[in-house]
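Undergrad: Take a look at this one; I'll ask things after.
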Amino acid sequence: MAIIYNDKTKTFMLQGKDLCYAFWINDLGYPEHLYFGSPVGADDLRFTRAFGATSTAATPPGIDNVPSYNAYPSELSFFGTGDYREPAVQIVNPAGDRLCELLFDSYDIVKKPKISGMPSMDGGDTLVIHLKDKINGFAADLYYTVYDDCSVIARRAVYKNLTSGDIRLERAYSFSLALPDRNYEMLSLYGVWAKERHIDRIPVHHGVVSIDSKRTSSSATLNPFIAMLRPDTTETHGEAIGINLVYSSSYVLKAEVNPDGTTQLTGGINDFDFNWRLAPGEEFETPEVVIAWSSDGIGGMSRAFHDAYREHLINKKYVKASRPLLINNWEATYFNFDVPKLCAIADAVNGLGIDTLVLDDGWFGKRDNDSSGLGDWVVNDKKLVGGIKAVIDHVHSLGMKFGLWFEPEMVSEDSDLFRAHPEWAIGVPNRKRCYSRHQFMLDLTRKDVRDYIVKAVSDIIEQNNVDYVKWDYNRNVTESWSYCLEPERQMEFAHRYALGLYDICERIVNGHPDIFFEGCSAGGARFDPAIMHYFPQIWTSDDSDAEERTKIQYGTSIVYPLSVMSCHVSVCPNHQTGHTTPFDTRAIIAHLGATGYELDTTKFTDEEKAAVKLQTEEYHKIEDIVLEGDLYRIDSPFDSEFFTEAVVTKDKSRAELICYRRFASVNNEIKRVKMAGLDPDAEYMLEEKGLRAKGSTFMNVGFAPSYPHSDFAAVKYHFTKV
Ligand code: DGJ
């Protein structure tokens, strides 16, 4: 990896693993983008410059007969001085004008600094470009980080008020990125509860194509991710650029096709319902955006993100460590449990390879259904005679670990906490609040609220020897308003909520480094890189039906590594869809992530117990491949009856292939599968078929998987280098 500055051509070239990014400081002092893509020589790339559609454009201020800022591929577009594209930044100056002109001042090459108060990738070498408006003193620093072990570039902007008066940020995005033409399609991941991260792909067009969240959460509706693909880009071939925000609150990502036929990407914190007052001397840090590059199609882009997040974002202590193989009581009991029932659930799996019992919602306060008790993090001794201690002692005596559910950001109207502190719940005085799952949200912009949450959760987990925490979040903000913010600061709410969330995560999660924390949000509604920084695994979806999970897990893997996806084997008929899928299929699909179980184990037959033992043994055999290996998606459940994926160790010595077929049929057409990701020159043994052949053979000559004869059938194959 290298960051090269050529003083003669004023060109910055960033070279990362399999990528190159270049821009130059043009004669106006404007950072003008030149190139982003596969590695190229450290040459003068200015020959690529071209101008089109400039006839009615303004000039830069005070300079006649020179193309306007609108004409240059931008590193950070700004508003009011001739650039009519989507600006990355818009300010209101003390005089009320909205002008700024951010031009090159200086640069530094540094070790990557942390963003204060927000998670970001670590490591890599960083270029900082200092831009300044010489008239009003407003400034921006652009950060670019490249890595030698993953094909991504991390970017962000820091805005600085170096003037003598208050400046209001109306928009403060993290980046602009210029693409050379408009021949792109945008892939995004949309969804809803129990249908998270499905795939959309549409062409860009003149004007703006955008996705966003206004929920103060990254949301199940649209993940904070877009990929820009060439129309002929496939899973295995072609250019793919991925854009992913390390952010958990309201965001926006945009692709704009300009009259000159170029495309500009931009985005960051959503400027809808946002502004931020910046006093003299203050800075505003924006969330990081991770930009992946691949010339090997969508699959290559996904592997770039997976590598980047495993090496530089997710907690190093846990990212590659063997995961708790848990039994969660939620779908087994919902709120209806007591100590004997929980102990029986644990007893039933003793010796089957399941090593952790997670006690889900309902152990605290007055909580026999979802209408009360949130916020009262006090063990309900009436329901759990002997307290959770009775369960924990029993589970520990079996040699298992114990996990506990919290929903720290919430409060029920019917709770002691709400009765004592109604002003701690987000809401506007004299207006009624929206309910969602009968609950309200706590105002994390307030320090006293955050201190309460940190103490309440820490007390329980410290006093009870808890090994694992599941952190849930089941609704989105409405009535954004805080008692503690001045009226002119109320539109800072959504970003301040994110900062508050990261503060309590720092103090609770990082404050208890030996406890394993799992993220959750009504299933997978807050599945983003910032959450992943604190939570090495996240509950992927409340839809645990194996058939539906093929789509949800396929879509999630477009950006996020398998190791982050929590995947459970649950009962059939499935509680969400009513589908009945084979027990083995449920395990095979759940094995493409951090596996667990979520069903009433006291009802297991002997046959099921034997199956679970085999499943957990199998999972432990392949867990390292799932946590650390490379993913190759072969058949998409979105456009076929099949879901086929391979996971291969980094050294290509072992691999597993998962083959799933939706429906059985008679006189069916032949389905052949070609393996992917093997070393073409090495010899492999395909265990299940007793076949020995070259990697190239398995990857080029397809074989017909032996699907069991049923609907929703799955079969697994293991390859070992010989
Ligand atoms: C939503 C989660 O996704 C479920 O797994 C479960 O924890 C419930 N909340 C509990 O209320």
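Undergrad: Would you confirm, using the coordinates I've provided, whether residue 691 is in contact with a helix residue (DSSP H, G or I) (Cβ under 9 Å, 6 or more places away or on another chain) and free of Cβ contacts under 8 Å to residues at least 24 places away in the same chain?
TA: For residue 691, the condition - in contact with a helix residue (DSSP H, G or I) (Cβ under 9 Å, 6 or more places away or on another chain) and free of Cβ contacts under 8 Å to residues at least 24 places away in the same chain - is met.
Undergrad: Further question: Mind checking whether some residue in region 69-86 is under 21 Å from residue 27 (Cβ atoms), assigned by TED's automatic domain parsing to the domain that holds residue 165, assigned to a loop (DSSP other than H, G, I, E, B) and of a type in the set (A, V, I, L, M)?
TA: Yes, region 69-86 contains a residue that is under 21 Å from residue 27 (Cβ atoms), assigned by TED's automatic domain parsing to the domain that holds residue 165, assigned to a loop (DSSP other than H, G, I, E, B) and of a type in the set (A, V, I, L, M).
Undergrad: While we're looking at this one, here's another question. Which one of the conditions (1) within 16 Å of the ligand (Cβ to nearest atom); (2) open to solvent by less than 30 Å² (accessible area, probe 1.4 Å) does residue 497 fail to meet, given that it meets all the rest?
TA: (1)
Undergrad: Further, regarding this structure: Tell me, which residue of region 538-583 that is of a type in the set (Phe, Trp, Tyr) and under 17 Å from the mean Cα position of the chain (by Cα) is farthest from the ligand (Cβ to nearest atom)?
TA: Out of the qualifying residues, it is 554.
Undergrad: With the structure loaded, tell me whether residue 699 is crowded, with 16+ Cβ neighbours inside 10 Å, at pLDDT 95 or above and either assigned to a loop (DSSP other than H, G, I, E, B) or not assigned by TED's automatic domain parsing to the domain that holds residue 643 (or both) or whether it fails that test.
TA: no
Undergrad: Any residue at all in region 158-173 that is within 20 Å of the chain's Cα centre (by Cα), part of a strand (DSSP E or B) and crowded, with 19+ Cβ neighbours inside 10 Å?
TA: Yes.
Undergrad: Here's a check for you: in region 361-373, which residue that is at positive phi and more than 10 Å from the ligand (Cβ to nearest atom) is least open to solvent (accessible area, probe 1.4 Å)?
TA: Checking each candidate, the answer is 373.
Undergrad: Mind listing whichever residues of region 400-409 are more than 13 Å from the ligand (Cβ to nearest atom) and part of a strand (DSSP E or B)?
TA: Of everything in region 400-409, those that are more than 13 Å from the ligand (Cβ to nearest atom) and part of a strand (DSSP E or B) turn out to be 401, 402.
Undergrad: Could you figure out which of (1) at positive phi; (2) in contact with a strand residue (DSSP E or B) (Cβ under 9 Å, 6 or more places away or on another chain) isn't true of residue 599?
TA: The one condition residue 599 does not meet is (1).
Undergrad: Consider residue 631 carefully, then state whether it is under 30 Å from residue 186 (Cβ atoms) and away from the ligand (no atom under 16 Å from the Cβ).
TA: Spelling it out, residue 631 is indeed under 30 Å from residue 186 (Cβ atoms) and away from the ligand (no atom under 16 Å from the Cβ).
Undergrad: Does any residue of region 569-584 turn out to be surrounded by fewer than 24 Cβ atoms within 10 Å (Cβ to Cβ) and part of a helix (DSSP H, G or I)?
TA: Yes, region 569-584 contains a residue that is surrounded by fewer than 24 Cβ atoms within 10 Å (Cβ to Cβ) and part of a helix (DSSP H, G or I).
Undergrad: Which residue is farthest from the ligand (Cβ to nearest atom), if the candidates are limited to region 374-399 and must be on the phi > 0 side of the Ramachandran plot and over 30 Å from the mean Cα position of the chain (by Cα)?
TA: 399
Undergrad: Does region 629-646 hold any residues that are of a type outside the set (Ser, Thr, Tyr) and within 14 Å of residue 592 (Cβ to Cβ), and which are they?
TA: 629, 630, 631, 633, 634, 635, 637, 643, 645, 646
Undergrad: For region 374-399, which positions are outside any helix (DSSP H, G or I) and either open to solvent by less than 10 Å² (accessible area, probe 1.4 Å) or out of contact with any Leu (no Cβ under 9 Å at 6 or more places or on another chain) (or both)?
TA: Scanning region 374-399 gives 374, 375, 378, 379, 380, 381, 382, 383, 384, 385, 386, 399.
Undergrad: Since residue 88 meets every condition but one in (1) closer than 24 Å to residue 37 by Cβ; (2) open to solvent by 30 Å² or more (accessible area, probe 1.4 Å); (3) in contact with a Gly (Cβ under 8 Å, 6 or more places away or on another chain); (4) not polar (S, T, N, Q), which condition does it not meet?
TA: Evaluating residue 88 over (1) closer than 24 Å to residue 37 by Cβ; (2) open to solvent by 30 Å² or more (accessible area, probe 1.4 Å); (3) in contact with a Gly (Cβ under 8 Å, 6 or more places away or on another chain); (4) not polar (S, T, N, Q) leaves (2) as the failure.
Undergrad: Working only within region 705-722, note down all residues that are over 19 Å from residue 635 (Cα atoms) and not in a loop (DSSP other than H, G, I, E, B).
TA: Listed by number, the residues that qualify are 720, 721.
Undergrad: Follow-up. Please count how many residues of region 187-207 are surrounded by fewer than 23 Cβ atoms within 10 Å (Cβ to Cβ) and more than 22 Å from residue 287 (Cα to Cα).
TA: 14
Undergrad: Give me the residue from region 295-353 that is among the β-branched types (Val, Ile, Thr) and farther than 28 Å from residue 572 by Cα and, out of that set, nearest to the ligand (Cβ to nearest atom).
TA: 314
Undergrad: A follow-up question, please. Could you list, in sequence order, the residues of region 147-200 that are hydroxyl-bearing (Ser, Thr, Tyr) and modelled with pLDDT of 95 or more?
TA: 147, 151, 159, 173, 174, 176, 184, 188, 190 - these are the residues of region 147-200 that are hydroxyl-bearing (Ser, Thr, Tyr) and modelled with pLDDT of 95 or more.
Undergrad: Can you list residue pairs whose Cβ atoms sit under 7 Å apart, with the first residue in region 518-535 being open to solvent by 10 Å² or more (accessible area, probe 1.4 Å) and the second being part of a loop (DSSP other than H, G, I, E, B) and of a type in the set (A, V, I, L, M, F, W, C)? Count only pairs 6 or more apart in sequence or on different chains.
TA: 522/193; 525/193; 525/220; 533/313; 533/314
Undergrad: Would you check which residues across region 30-55 are outside any loop (DSSP other than H, G, I, E, B) and surrounded by 14 or more Cβ atoms within 10 Å (Cβ to Cβ) and list them?
TA: Correct list: 31, 32, 33, 34, 35, 36, 37, 45, 46.
Undergrad: A further question on this structure: Within region 59-79, does at least one residue satisfy the condition of being in contact with a His (Cβ under 9 Å, 6 or more places away or on another chain) and farther than 30 Å from residue 206 by Cα?
TA: Taking every residue of region 59-79 in turn, none turns out to be in contact with a His (Cβ under 9 Å, 6 or more places away or on another chain) and farther than 30 Å from residue 206 by Cα.
Undergrad: Just one of the numbered conditions (1) in contact with a Phe, Trp or Tyr (Cβ under 7 Å, 6 or more places away or on another chain); (2) of a type outside the set (D, E, K, R); (3) open to solvent by 50 Å² or more (accessible area, probe 1.4 Å) is not true of residue 16; which one?
TA: It fails just one condition, (3).
Undergrad: Here's something else I'd like to know. Which condition number in (1) surrounded by fewer than 24 Cβ atoms within 10 Å (Cβ to Cβ); (2) part of a helix (DSSP H, G or I); (3) not hydroxyl-bearing (Ser, Thr, Tyr) is the one that residue 552 fails?
TA: The single condition residue 552 does not satisfy is (1).
Undergrad: Determine whether residue 684 is under 21 Å from residue 572 (Cα atoms) and open to solvent by less than 60 Å² (accessible area, probe 1.4 Å).
TA: No: the conditions fail for residue 684.
The values are calculated or read from the model by the stated rules, or taken from the named source; none is laboratory data. The model shown is predicted, which means the values in this text are computed figures rather than measured ones. Virtual Cβ from ideal backbone geometry, glycine too; neighbours counted across all protein chains shown. Side chains included, ligands, DNA and RNA excluded: accessible areas come from the protein's heavy atoms. Shrake-Rupley method; radii C 1.70, N 1.55, O 1.52, S 1.80 Å.
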